[in-house]
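Here's the structure, in structure tokens; my notes come after.
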Ligand SMILES: [Zn+2]
Ligand SMILES: [Zn+2]
């Protein structure tokens, strides 16, 4: 009896020692990461300012890709460039263990920067249509590249804290969609170690710096793009009775399309039908013979877009018939190949990372976010069979003062894609690099389960 009690006591002591040991090693790992992040921050801030001042449009990211490649190489990665046109892949090997892919996108937007920052972009360039346009990192992909380089540097310095392989990728063309797919089509999961997990971070223009947002399950919408050509019969503006006016018909179609979400989609099911452009006509006294519409159609589940797309076709045709348009002049409705699947954050992976991060950042700094109707082609990394669990989280980039002021005055903060948006740089860089490193240590660290 007595020896049994001793055994029990010993077992409890051993367990406590193990728990204490693990807690201690976690605390040590955190301190090590935090001190390396602090050490790297000044030079990462310089890198960020350079990237911010030199933005490039989608599939034009030559200089950004070259810089990311150079930085990953300097950090100790085996680097391959030109993956899926301009993609960069850096592999950091560290013995047996899982493979984790960390992704940063690299493209900027045709937006004229108005932040007034000393390192604001003054760049202009030709877009895909040949128009001269201003360029700005208005979505924060410059800070994503900085997170990636920072994580590579920190993890390369702390190889005794994790085991396995980290694949760092700089992805082109997220904004116009196609960059993720082009990297996958070029053998991202075949030519390089296939990931067990993929993690991405996006800066957030609503969350305070120091907080991280997460959304388990569906987080971003699937995006379909639809073009409609509304035909008419042109003529003199003074003799409408001799024409079939496509301006009036297109206007009716635009209004009728609004009934899809309000009357056809089941309430509670997220869906968006937006007519983003409408073009037709040349002069006030001419009835044109054609009007063109461009739509974006969004939802989460696989069935919802089919129902919405069918409704768009039916409404366009029905409105034209009601206007007396002959069968050979009915609208043409075309679903383009500009498509992004919905982003599904693996709930188990998300829960695991959030659990780990709350130890690093404090549970109150992890913020559950509602799904958004934005699109994000990081979703593609989770769709290749056998499916890899993926998770994208949001790194807060707003100063607490700006957030408070906005709450008090009701004045909205600049959103992503705004000419006024830029994250608070240094604190956001620290938060993003720490988050990437914390995710890797959770998935492949010494204490990984
Ligand atoms: Zn964007
Ligand atoms: Zn973005």
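When the scattering of the range 30-147 is computed by the Debye formula from its Cα atoms alone, each counted once and equally, what is log10 I(q)/I(0) at q = 0.13, 0.17, 0.18 Å⁻¹?
Per q value, in the given order, log10 I(q)/I(0) is -0.58, -0.91, -0.99.
Based on DSSP H runs of at least 4 residues, each adding -39500 (n - 2.57), what is the mean residue ellipticity at 222 nm of the chain after dividing by all its residues, to the nearest 500 deg cm²/dmol?
Result for the chain: -13000 deg cm²/dmol, rounded to the nearest 500.
Tell me, in nm to one decimal, what length is gained between residue 63 and residue 399 on full extension, where the rule is 0.36 nm per residue of separation less the Cα-Cα distance?
Length gained between residue 63 and residue 399: 118.0 nm.
Can you list the residues of the range 91-119 with backbone N under 20 Å from a point 7 Å past the Cα of residue 194, pointing along Cα to Cβ?
Only 91-103 fall inside the zone, counting backbone N under 20 Å.
What's the angle, to the nearest 10 degrees (0 to 90), between helix 62-75's Cα axis and the longest principal axis of the chain?
10
Separation between the residue 266 and residue 411 pseudo-spin-labels, each 7 Å from Cα along Cα→Cβ, expressed in nm?
So the label points at residue 266 and residue 411 sit 4.4 nm apart.
In degrees from 0 to 90, rounded to the nearest 10, what is the angle of the helix 141-157 Cα long axis to the longest principal axis of the chain?
20
Given 20 Å bins starting at zero, what is the percent of C-alpha pairs of the chain in each, up to the one with the largest pair distance?
Taking every Cα pair in the chain, the percentages come to 23, 48, 23, 6, 1, 0.
For the pair residue 132 and residue 277, how long in nm is the line joining their label points, each one 7 Å along Cα→Cβ?
Each label point lies 7 Å from its Cα, and together they span 2.1 nm.
Can you quote the Å³ per residue value for the convex hull of the Cα atoms in the range 397-449, rounded to an integer?
Roughly 112 Å³ of hull volume per residue.
As I understand it, the value is the acute angle between the Cα axis of helix 2-53 and the longest principal axis of the Cα atoms of the chain; what does it come to in degrees, rounded to 10?
Between helix and principal axis, roughly 50 degrees.
Between residue 384 and residue 31, what's the calculated FRET efficiency when r is the beta-carbon distance and R0 is 60 Å? Round to 0.05.
About 0.95, to the nearest 0.05.
Calculate the all-directions average of the projected area of the range 101-260's alpha-carbon convex hull, and give it in nm².
16.6
Please give the per residue volume of the convex hull enclosing the alpha carbon atoms of the range 319-449, rounded to a whole number of Å³.
Per residue, the Cα convex hull of the range 319-449 comes to 208 Å³.
Figure the gain on full extension for residue 255 and residue 370 (residue separation times 0.36 nm, minus the Cα-Cα span) and round it to one decimal in nm.
Result for the pair: 38.6 nm of gain on full extension.
Sort 48, 218 so that the residue with the fewest other Cβ atoms within 10 Å of its own Cβ comes first and the one with the most comes last.
Values: 48 26, 218 18.
So the ranking, lowest neighbour count to highest, is 218, 48.
How much length is gained on full extension from residue 314 to residue 93, taking 0.36 nm per residue of separation minus their Cα-Cα distance?
74.1 nm
Values in this text are rule-based calculations from the coordinates and carry no lab data. Just so you know, these numbers come straight off a predicted model, no measurement behind them. So basically every Cβ, Gly included, is an ideal-geometry build from the backbone, and we count neighbours across all protein chains shown.
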